[in-house]
Amino acid sequence: MPVIKTSSSHSAPVAENIFWLRVENAARQYGFVLLVLLLLAGFCGLFSKGVFSNAHVVSADGNVHVDYERFGRDQSDMDLKLTMKVPPGEDYTVTLGGQFMDAFEINALYPQPWRFSRQNGSMTLAFHNQPEGTRHTLWLSIQPRSIGKVRSTLRVNHSPSVAITQFVYP
């Protein structure tokens, strides 16, 4: 005698709603595209290090060049490179102002300043003139303290300040 299988699912049909069927269909069609676009944005640096994240700013007089990361993540390292033209044989100062000192923690700084001071929310680093010539480079490794938009200023000696804007993701 053959065995007949019965299923309880055939006895209780599911009520279908055309609205939710269309929503599911749209999620299938556009969800994959959205996922691929998010992955590409991440690979290109929209959320951290990458092509879109790297930025370069020059001061009005052309003496200060800043290479920095436009986008960063909370509690991860970000790099900042400051290249400046200083008259030969003179000491120079670098002032980090705006929201810089409140928003970032400096993990590494090269070369080391011979003196630094902090006043009115900004930090001034004093350096001796280096024997290499008139171009000097300052490398900073910084770590964000909080999330959000950060507007900072960088100034060398009494030249015009350079404004940079960074966004820190959670």
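The values are calculated or read from the model by the stated rules, or taken from the named source; none is laboratory data. As the structure is a prediction and not an experimental result, all values here were calculated from the model. So basically every Cβ, Gly included, is an ideal-geometry build from the backbone, and we count neighbours across all protein chains shown. Ligands, DNA and RNA are excluded from the accessible area calculation, which covers all protein heavy atoms including side chains. Shrake-Rupley method; radii C 1.70, N 1.55, O 1.52, S 1.80 Å.
Just subtract the alpha-carbon distance of Glu16 and His128 from 0.36 nm times their residue separation and send over the number in nm, one decimal. Intermediate results must be reported in sequence, preceding the final value.
Working: separation 112, 0.36 × 112 = 40.32 nm, distance 7.72 nm.
Using 0.36 nm per residue and subtracting the Cα-Cα distance, I get 32.6 nm.
Shown here: Rg/Rh (Cα atoms, Kirkwood Rh), derived from the displayed model; of the candidates [x] 1.19; [y] 0.93; [z] 1.39, it corresponds to [z]. Build a GNM of the chain with springs between Cα atoms under 10 Å apart, and of Pro87, Pro113, Pro160 the one that fluctuates most is Pro87.
Here's how it looks for Phe71: its modeled amide H is under 5 Å from those of Phe167, which are all 5 or more places away or on a different chain. Highest mobility in the GNM of the chain, judged by mean-square fluctuation with C-alpha springs under 10 Å and restricted to Gln119, Gln75, Gln143, is found for Gln119. Global dimensions of the stretch 21-99 from alpha-carbon coordinates: Rg and Dmax equal 20.6, 75 Å. 3J(HN,Hα) along the stretch 151-157, derived from phi through the Karplus expression 6.51 cos²θ - 1.76 cosθ + 1.60 where θ = phi - 60°, amounts to 10, 10, 10, 10, 9, 10, 6 Hz, with x in place of Gly and Pro. Helix 18-44 and the longest principal axis of the Cα set of the chain meet at an angle near 30°. Charge tally for Phe71 (other residues, Cβ to Cβ under 15 Å; Lys, Arg +1; Asp, Glu -1): 0. Under the combined filter of DSSP loop state and at most 13 neighbouring Cβ atoms within 10 Å, the stretch 89-144 retains these chymotrypsin sites (Phe, Trp or Tyr not before Pro): Trp114. Other residues lying with their Cβ under 13 Å from the Cβ of Gly148 contribute a combined charge of +2, Lys and Arg counting +1, Asp and Glu -1. Remark: spin-label model distance Thr137-His56 equals 1.3 nm, labels positioned 7 Å along the Cα→Cβ axis. Comparing mean-square fluctuations of Gly42, Gly62, Gly50 from a GNM of the chain with C-alpha springs under 10 Å, the top value falls on Gly62. Legend: residues Leu80, Leu109, Leu34, sorted from most to least accessible area (1.4 Å probe; ligands, DNA and RNA excluded), read Leu34, Leu109, Leu80. Each of Ala163 and Phe116 was given a label point 7 Å from its Cα along the Cα-to-Cβ line. The distance between the two points is 2.5 nm.
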